[in-house]
Amino acid sequence: MISPSSDDPDWWRTAVVYEIYIRSFADGDGDGTGDIAGVRSRLGYLRDLGVDAIWLTPWYDSPLADGGYDVADYRAINPAFGDLAGAEALIREALEMGIRTIVDVVPNHVSDRHPWFQAALAAGPGSPERERFWFRRGGGPLGDEMPTHWISDFQGSTWTRTTDADGTPGEWYLHLFTPEQPDLNWNHPDVVREFEDVLRFWFDRGVAGIRIDSAALLVKDPALPEVPDNPLPGQHPTVDRDELHTIYRNWRAVADSYPGARSLVGEIWLPDIDRFANYLRPDELHTAFNFDFLARPWDAESLRSSIDSTLAAHAPVGAPSTWVLSNHDVTRPVTRYGREDSSFAFTAKRFGTPTDLQRGTRRARAAALLTAALPGSLYIYQGDELGLPEVEDIPLELIQDPMYFRSQGTDPGRDGCRVPLPWRGTAPGLGFGPTGSAAPWLPQPEQWASLTVERQERDPASMLRLYRDALRIRHASAALLRGGFSWLDSPADVLTFARGDRFVSVTNASTSPIDLPSHHEVILSSAPLDSGRLPSDSTAWLRI
C-alpha cells in the first residue's frame, strides 16, 4: 500500500488543488486524446505552478457517454487513458514531487455497460439483480407512462423503458442524468458495500482523497413521489435526503482508517448554505465545493455576501471553505466575467451570448488573486491559469456533450471548457501531443497560439506568471495559510479584507481607479497601478 506523507494531517484545509480533465490535459501517445502518460510528462509543470494536489476526473473503464462519468469498472483504467500500472506510477511520481492525487467517484449511477446493469436487464422483472437499481412498472393500463415526471439535470425525462426478452415493452429504469447512466439504489447492501470497497481499492494505491460526484443525489424517496412545488429541507425525493449522512459517516470511517489524512470532497449544489454545511460535520466529508461563490456575478456586494455566508456556515462545523472559479462543467471565467450577466446558471447557457474578452480577462485576473487570498482551500481548473476563454464556435458536428443533445441543441453544452490545452508552438495541436500526433479530440482555436504555456512562461505579464506568483506567495505566507479574516472599511463596490496583521487584499469591482489603503509594499497586483491607484476590475495584495 502506498501512503501519502502524513507530515501534515491538515493539508486539505489550505491545499491548492488542480483539476485535470484527463481527455484534454496532455496527450502522451499521440492519438489526440489526453491520457495518463501525458499527465506524467507534465508533472514538472504542475510542480512549478505550485499546486499541492491534482484531482483527476474519471479515468476508469467507460463508454464515455458522459465524459467518463458513466463508469463500467472502477478497478480498471479506460484503455484510451492508459492502464492501472500507469495510474499507480502517476500517483507515486506525483507524490515524489510533493503533489497528492485525488480521484473522482460517481456513486449516484454507473454505466449501462456495467456488469450489474447488464445482469439486471438479462434477469428480468422482479429479479434480485434489478433491486440494485430503480426498475419500476410504468403507469397507465399498458405501463407506457413514466413512473414519475421528474426532470433530468441534463434536461428531458429521467426514465427509459426496457424491452423484455420476448420483444415486448418492459419496465422502466431511473436515470437522473442520461439513459446510459442508470441510478443505483442506495438502500441495497450490495451498493453500500461496493463503494466502500472502491474507496479502499484506491486508498490502497496511494490516493490522498476522493472527489464525490453529485454527492447530494444518491438517496431517493422509495415511494417515488412527484417533486412538490416547495419541498421542505430533506423532503425532496432525489436531493439532499437526510439518509445521505449515514453513507458519508461510513465513508469517513473508511478514510480515517488509512494513514496520511485521506480526504473526502463533495460536489454538492445546494441553495441552502446551512444544509450544505451539514455534510461537513467532523465525522462526514472534509470539504465540499463552494458553488455559490462560483455562480455569483462580478459584483462586489454579491461576492461579499457569498464570502460572508460561506465562512459563517463553515465555522460551526470547523470545516475549511473551498474557493473555485470554474470546473469542467462551467463556462470559463474569462468568458463569463466579460458578459453583461456574469453570473452562472446551467439553465441560462445559450449559443450566441456576447462577451467582452478583454474585460473578462481583467476580471478573471482579479478574481484569481481574490480567491487565492481567502481562507481555506483553492481549486484551479486546468487552463484557467492560462486565461483560456470558453470555445463557443465548436462545429456542431463535433460537439460530444450529452447536455447539447438532450436539450435538442438549445444548450451549447460543456465541451467549450473542455478543449485540449495549448502547450507550445503554432503548429496544429499546439503541443497537446508529440510531434506528428493526431488532431486533438476537440479543435483548438487558432488564436490559442498566443496563450500556450511556452509563450506565457516567457511573458512576465501573462496569466500563467500571475498564477505562479500568487501561489508562491500563498505558500510562503503564514497570514494566507493560517491568518484570521476580517473585512476593512471600503466603498460598496470594493472588497478589502485583512488576513492576519499585515496582509491586505483589495479588489476594485468599480468602474474607476481607486486609492489604495496605506501600505508598505504592493506584494502583487493583477494589473499595473495607475499613478499609484488600483484600476477598475483589479486586485492588489498589500503589506501594511
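Considering each residue of region 53-67 in turn, none proves to be hydrophobic (A, V, I, L, M, F, W, C), surrounded by fewer than 19 Cβ atoms within 10 Å (Cβ to Cβ) and under 30 Å from Asp469 (Cβ atoms).
Of Arg350, Arg275, Arg339, which residue is touching a residue at least 24 places away in the same chain (Cβ under 8 Å), outside any helix (DSSP H, G or I) and either over 13 Å from the mean Cα position of the chain (by Cα) or crowded, with 19+ Cβ neighbours inside 10 Å (or both)? Show your work before the answer.
Details: Arg275 fails: outside any helix (DSSP H, G or I); Arg339 fails: touching a residue at least 24 places away in the same chain (Cβ under 8 Å).
Unique residue meeting the criteria: Arg350.
How many residues are assigned to a loop (DSSP other than H, G, I, E, B) and touching a strand residue (DSSP E or B) at 6+ places or on another chain (Cβ under 9 Å) when one looks only at region 155-177?
5
Between Pro79, Pro63, the distinction of being at pLDDT 95 or above and closer than 27 Å to Val239 by Cα belongs to Pro63 only. Would you pick out the residues in region 182-217 that are within 27 Å of Met403 (Cβ to Cβ), outside any strand (DSSP E or B) and either out of contact with any helix residue (DSSP H, G or I) (no Cβ under 9 Å at 6 or more places or on another chain) or aliphatic (A, V, I, L, M) (or both)? Selection gives Val191, Val198, Asp213, Ser214, Ala215, Ala216, Leu217.
If you scan region 480-497, which residues turn out to be hydrophobic (A, V, I, L, M, F, W, C) and surrounded by fewer than 20 Cβ atoms within 10 Å (Cβ to Cβ)?
Applying the first criterion (hydrophobic (A, V, I, L, M, F, W, C)) to region 480-497 yields 480-481, 485, 487-488, 492, 494-495, 497.
Across region 480-497, the qualifying residues are Leu481, Phe485, Trp487, Leu488, Ala492, Val494.
For (1) in contact with a helix residue (DSSP H, G or I) (Cβ under 9 Å, 6 or more places away or on another chain); (2) in a loop (DSSP other than H, G, I, E, B); (3) within 30 Å of Leu285 (Cα to Cα), each residue gets a yes or a no:
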site: Pro9; (1), (2), (3): no, yes, yes
site: Tyr18; (1), (2), (3): yes, no, yes
site: Arg23; (1), (2), (3): no, no, yes
site: Asp29; (1), (2), (3): yes, yes, no
site: Thr33; (1), (2), (3): yes, yes, no
site: Arg40; (1), (2), (3): yes, no, yes
site: Asp48; (1), (2), (3): yes, no, yes
site: Val51; (1), (2), (3): yes, yes, yes
site: Ile54; (1), (2), (3): yes, no, yes
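Considering only region 300-316, I want to know if a residue exists there that is open to solvent by 10 Å² or more (accessible area, probe 1.4 Å) and in a loop (DSSP other than H, G, I, E, B). No, region 300-316 contains no residue that is open to solvent by 10 Å² or more (accessible area, probe 1.4 Å) and in a loop (DSSP other than H, G, I, E, B).
Which members of region 218-250 meet the condition of being in contact (Cβ under 8 Å) with a residue 40 or more places away in the chain and either outside any loop (DSSP other than H, G, I, E, B) or on the phi < 0 side of the Ramachandran plot (or both)?
Keep residues of region 218-250 that are in contact (Cβ under 8 Å) with a residue 40 or more places away in the chain, which gives 218, 220, 224-227, 233-234, 237-238, 243, 247, 250.
Residues satisfying the conditions are Leu218, Lys220, Pro225, Glu226, Val227, Pro233, Pro237, Thr238, Glu243, Ile247, Asn250.
Being assigned to a helix (DSSP H, G or I) and on the phi < 0 side of the Ramachandran plot, is that true of even one residue in region 97-115? Checked against the condition, which is being assigned to a helix (DSSP H, G or I) and on the phi < 0 side of the Ramachandran plot, region 97-115 yields at least one hit. Residue-level check: of (1) under 21 Å from the mean Cα position of the chain (by Cα); (2) more than 25 Å from Gly500 (Cα to Cα); (3) not small (Gly, Ala, Ser), His314 misses just (2).
Among all residues of region 362-372, there is none that is under 16 Å from Thr14 (Cβ atoms), aliphatic (A, V, I, L, M), out of contact with any helix residue (DSSP H, G or I) (no Cβ under 9 Å at 6 or more places or on another chain) and in contact (Cβ under 8 Å) with a residue 24 or more places away in the chain.
The values are calculated or read from the model by the stated rules, or taken from the named source; none is laboratory data. Remember, predicted model here, so these are calculated numbers, not experimental data. As a convention, Cβ positions derive from the backbone with ideal geometry for all residues, glycine included, and neighbour counts pool all protein chains shown. These accessible areas exclude ligands, DNA and RNA; they are computed on the full protein's heavy atoms, side chains included. Shrake-Rupley method; radii C 1.70, N 1.55, O 1.52, S 1.80 Å.
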